1. Just a yes or no: is a residue in region A:69-86 closer than 26 Å to residue A:241 by Cβ, in a helix (DSSP H, G or I) and at the interface with another protein chain (Cβ under 9 Å from one of its Cβ atoms)?
2. Let me spell it out: the conditions are (1) farther than 20 Å from residue B:24 by Cβ; (2) surrounded by 21 or more Cβ atoms within 10 Å (Cβ to Cβ); (3) of a type outside the set (Lys, Arg); (4) more than 9 Å from chain A (Cβ to nearest Cβ), and residue B:158 meets all of them except one. Which number is the exception?
3. Of the conditions (1) surrounded by fewer than 21 Cβ atoms within 10 Å (Cβ to Cβ); (2) away from chain B (no Cβ under 13 Å); (3) at pLDDT 95 or above, residue A:208 satisfies every one except a single condition; which number is it?
4. Looking only at region B:175-183, decide whether some residue is in contact (Cβ under 8 Å) with a residue 40 or more places away in the chain, of a type in the set (Gly, Ala, Ser) and either open to solvent by less than 40 Å² (accessible area, probe 1.4 Å) or at positive phi (or both).
5. For region B:115-141, enumerate the residues that are within 13 Å of the chain's Cα centre (by Cα) and either buried (at least 24 other Cβ atoms within 10 Å of the Cβ) or among the β-branched types (Val, Ile, Thr) (or both).
6. Between a first residue in region B:232-252 that is within 16 Å of residue B:5 (Cα to Cα) and at pLDDT below 95 and a second residue that is loosely packed, with under 11 Cβ neighbours inside 10 Å and among the hydroxyl-bearing types (Ser, Thr, Tyr), which pairs have beta carbons less than 6 Å apart while being 6 or more apart in sequence or on different chains?
7. Look through A:185, A:149, A:177 and report the one residue that is acidic (Asp, Glu) and farther than 30 Å from residue A:232 by Cα.
Amino acid sequence: MTEFLPLSEAIAKHVPDGASVALEGFTHLIPFAAGHELIRQGRRDLHLIRMTPDLIYDQLIGMGAARRLTFSWGGNPGVGSLHRLRDAVEQAWPRPLELDEHSHAGMAAGYRAGAARLPFGVLRGYIGTDLPKHNPNIKSVRCPYTGEELATVPALNPDVTILHAQRADRRGNVAIEGIIGAQREAGLAAKLLIVTVEEIVDELPPAMNGVLLPHCTVGVVSHCPGGAWPSYAQGRYARDNDFYLRWDDIARDRGRFTEWMERHVRGTSDHRGFLESLRRVAA
Amino acid sequence: MNDYDRDEMMTVAAARMLWDGCVTFVGIGLPSAACNLARLTHAPGLVLIYESGTIGTRPTVLPLSIGDGELAETAACVVPLPDIFSDYLQAGRVDVGFLGAAQIDRFGNLNSTVIGPYAKPKTRLPGAGGATEIAAHARQVFVVMKASPRSFVAVLDFQTSGGHFEGRGKSGARGGGPTVVVTDVGILKPQPGGELALVAVYPGIPIEEARAAVGWPLAVAPQIETIAAPTRNELAALRALKARTEAAHREPVRLPI
């Protein structure tokens, strides 16, 4: 049975310190509200997993919530650096961060293996790159049929995957529209899947080829409108490209970053409060 | 007026290399501008794949990120990201992959991971993303980078993606590697053996300027072509695309409350 919980209760109940957590969503439907709730509740020692850390992991890393990061591309899309991620790697601020670094193809294979409960993912990949020299998790296997050497990555099975979606119904079926990245695979790879949604409806139309995570795969649904801002929810609100540009300035300086996080994330009680605090600044 | 800047020259030069029907794996920035310029001019049947999962996308404005909503709304289809990398790129269904990087060496190997040692980098860069497997499996790779001795280096700090590295032929790489490097001073192509050589310059740019912009003794092909300046039609299409993009990105986004 899918549980329906307020986001703060879902995080308090299911995401302990030290957990491995994947907040997936490739540019679209990034679960910002859930990431902020992890920060509000002061989670520590998390193993963060995400193909593109994006602003949400920049924030978690800068607030000292993470001990390890599994990722494949750590930039601010279309803008430049993630300054808090860089500061953690280059200067160990506010604490050292272990890296488990991959390519997109490798992480995708890791999620697919995790979703299928296989021990590893296999790909014709990591060719002509120094990555395997620095990441002992990247290994190889000889194909028993052709003799070809293929790259392997361990299955990714996060303790908790958190996704954001447009809609869930009252049984816990989840529908996602638009760019879906590796959300389906990351969701199925998790020991527990939490989904924050824009809207809970009585009934979803039959999905045909649309993406639907059936309720038997969904552990928790939390109603959280606007929960992907400043990323976007196709059909609901657009990506706030201007905020992604402004984040470059906010995150560049440790003091300014900390002040912003204290004021807007730790200083508000929930996602609605967070958005309202930003609206007051904009007004 | 046919005044143009070097960014425009690079974009137009890259666009001209794409052909109608070509399946192209697009990156953000100049490659995205070049691909859409080609689609809006001589190659209307260009198939654009963005790694976020959009196939056959026909955006009216250029995306800021690789996953903007515009890409999904104008795509022929949207597939999960793991499908893009395994069933399209790895399966050999991509004709041309675009790559840029912080550093390139004379064999077209690329670094987008770190400046300095990996364990204690001076500058941590974003990392591989799709680049490693694009470099391995796209039938051809077009590299687009502004030339400077800081970025065109004798020795990479880290090899993120393979160009014409030793042993490429015996590796599992199914693609042909970089076939062209488009810079702001001219165009390089690999010679037999894989080393890049200057094969073309832009109007008004001397060969010496191109050599000075590269941090190794740059080989120069026996015959140097001069690329034709952007046409009025190319410039008009590119500038209109950029103007539409700027106007769209200026539209204020309301907070979702």
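The values are calculated or read from the model by the stated rules, or taken from the named source; none is laboratory data. Treat the numbers as computed from the prediction; the structure is a model and nothing was measured. Note: ideal-geometry Cβ built from the backbone for every residue, glycine included; neighbour counts use all protein chains shown. What goes into the accessible areas is simple: the full protein's heavy atoms, side chains included, and nothing from ligands, DNA or RNA. Shrake-Rupley method; radii C 1.70, N 1.55, O 1.52, S 1.80 Å.
1. Yes, that holds for at least one residue.
2. Here residue B:158 clears every test but (4).
3. Every listed condition holds for residue A:208 apart from (3).
4. Yes, that holds for at least one residue.
5. Answer for region B:115-141, where residues must be within 13 Å of the chain's Cα centre (by Cα) and either buried (at least 24 other Cβ atoms within 10 Å of the Cβ) or among the β-branched types (Val, Ile, Thr) (or both): B:130, B:131, B:134, B:135, B:138, B:141.
6. No pair meets every condition.
7. Just one listed residue meets the conditions, A:149.
Results for (1) polar (S, T, N, Q); (2) within 16 Å of residue A:21 (Cα to Cα); (3) more than 9 Å from chain B (Cβ to nearest Cβ), shown as yes or no for each residue.
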residue: A:65; (1), (2), (3): no, yes, yes
residue: A:91; (1), (2), (3): yes, no, yes
residue: A:97; (1), (2), (3): no, yes, yes
residue: A:111; (1), (2), (3): no, yes, no
residue: A:114; (1), (2), (3): no, yes, yes
